[in-house]
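Chemist: Here's a structure for you.
The values are calculated or read from the model by the stated rules, or taken from the named source; none is laboratory data. Since the model is a prediction, treat every value here as computed from it, not as a measurement. Glycine also receives a Cβ, built like all others from the backbone with ideal geometry; neighbour counts cover every protein chain displayed. In case anyone asks, the SASA skips ligands and DNA or RNA and just uses the protein heavy atoms, side chains included. Shrake-Rupley method; radii C 1.70, N 1.55, O 1.52, S 1.80 Å.
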Amino acid sequence: MTKVAFIGLGRMGHGMAGRYLDAGFTVAVWNRSKAKAEDLIARGARGAASPADAADGADAIVTMVADDAASRSVWLGKDGAATTMKRGALAIECSTVSHQHALDLSRELRGRGFLYVDSPVTGLPDAAAAGKLTLLVGAEPADLEKARPYLVPLGTTIRHFGAVGTGTVYKLINNLMGAIQIAGIAEGLAIAEQAGLDMKLVLEAVETGVAASPQVIRHSKRMAERNFAGATFTAALRQKDAAYAVALAESLLSAPPIMGRAAVQSYDRAKAYAPDDDEGKMIEIVSRPK
């Protein structure tokens, strides 16, 4: 039976790992907090003692961790997956990391005889658990075909942008645009509140007008109601993604990424205020009256 190691069982990773169990794979799981693996183990996964333990004998290793440092640790650290992976195994990085990290990690893992696929995802935790994510892939075409059986259980759409790193480029663009939109709707709603507008009418106009987007629609009502229960994406994670995107923009563009930098500054404040809460909570900062 095909063996998969899944490393990182946060809001997204937990549901993604469950998809491999649903699809009949033999699955080993690892997470820093062991409690997050308990129900997966009850469903048949093997709880691993380390990323290296999870990767031992696996045909594919899939990671979904917070940032560059976490990714580097679980792949290349003392007990990292690369220390036990078999030659020719697939390394599938689904985390949102910096572009340079994706390139560096690919170079290191390919140099050790592994196949590397850059595959960050879009979608919320419920989509992860249902196998309805969109996968943003950067890989050699032959490597993508070898990885496809491990990607199909996770999502309904696979977008192949090109070589390794291109999937991460698009993911960073996507998340930077999201940061700009969310920061914008927070400021817009705050202005409306302080100006005394009918907020029910404001929400109706926003959600049906030309400025509406999935991000605006998803956050506007929650912001207006100050209902941040069930956080799906935190301020700290969005700040990290926006900062990675701005660093990429600064390496590619002659003009400074003014909008991107402004979004990072907005999320710097949100991260300082409530790093692990829903990112929409930034409205509590910007809505304070003068």
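Chemist: Only one of these conditions is not met by residue 87: (1) farther than 28 Å from residue 247 by Cα; (2) crowded, with 16+ Cβ neighbours inside 10 Å; (3) in contact with a Gly (Cβ under 6 Å, 6 or more places away or on another chain). Which number is it?
Modeler: With respect to (1) farther than 28 Å from residue 247 by Cα; (2) crowded, with 16+ Cβ neighbours inside 10 Å; (3) in contact with a Gly (Cβ under 6 Å, 6 or more places away or on another chain), residue 87 is out only on (2).
Chemist: Then there is this: Restricting attention to helices (runs of 4 or more DSSP H) lying wholly within the range 199-290, give those where 1 or more residues are under 24 Å from residue 11 (Cβ atoms). It would help to see each step written out before you state the result.
Modeler: Working: elements: 199-208, 214-225, 235-252, 258-273, 283-286.
Qualifying helices (runs of 4 or more DSSP H): 214-225, 235-252, 258-273, 283-286.
Chemist: Additional query: When the residues of the range 112-128 are narrowed to those that are within 14 Å of the chain's Cα centre (by Cα) and among the small types (Gly, Ala, Ser), which ends up farthest from residue 68 (Cα to Cα)? Give the steps one after another, and end with the answer.
Modeler: Initial filter on the range 112-128 (within 14 Å of the chain's Cα centre (by Cα)): 118-128.
Filter once more, keeping what is among the small types (Gly, Ala, Ser): 119, 123, 127-128.
Numbers: 119: 14, 123: 20, 127: 24, 128: 21 Å.
Ranking the qualifying residues of the range 112-128, first place goes to 127.
Chemist: Residues being over 15 Å from the mean Cα position of the chain (by Cα), open to solvent by 20 Å² or more (accessible area, probe 1.4 Å) and over 20 Å from residue 91 (Cα atoms): count how many of those fall in the range 151-184.
Modeler: 4
Chemist: How many residues, within the range 130-164, are under 19 Å from residue 5 (Cβ atoms) and outside any strand (DSSP E or B)?
Modeler: Matching residues across the range 130-164 total 12.
Listed here are the residues, each with its yes/no results for (1) more than 29 Å from residue 108 (Cβ to Cβ); (2) in contact with a Lys or Arg (Cβ under 6 Å, 6 or more places away or on another chain); (3) touching a residue at least 24 places away in the same chain (Cβ under 8 Å).
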residue	(1), (2), (3)
168	no, no, yes
171	no, no, yes
175	no, no, yes
195	yes, no, no
202	yes, no, no
219	yes, no, yes
225	yes, no, no
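Chemist: Going through 136, 189 one at a time, which residue ends up being without any contact (Cβ under 8 Å) to a residue 40 or more places away in the chain, closer than 27 Å to residue 267 by Cβ and open to solvent by less than 10 Å² (accessible area, probe 1.4 Å)? Quick ask: steps written out before the conclusion?
Modeler: Details: 189 fails: without any contact (Cβ under 8 Å) to a residue 40 or more places away in the chain.
Residue meeting the stated conditions: 136.
So that you can scan it fast, the table gives a plain yes or no per residue for (1) of a type in the set (Ser, Thr, Tyr); (2) open to solvent by 90 Å² or more (accessible area, probe 1.4 Å); (3) closer than 20 Å to residue 190 by Cα; (4) touching a helix residue (DSSP H, G or I) at 6+ places or on another chain (Cβ under 6 Å):
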site	(1), (2), (3), (4)
241	no, no, no, yes
244	yes, no, no, yes
248	no, no, no, yes
264	no, no, yes, yes
276	no, yes, no, no
286	no, no, yes, yes
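Chemist: May I ask you to list the residues in the range 101-126 that are in a helix (DSSP H, G or I), in contact (Cβ under 8 Å) with a residue 40 or more places away in the chain and open to solvent by 20 Å² or more (accessible area, probe 1.4 Å)?
Modeler: 103, 125, 126
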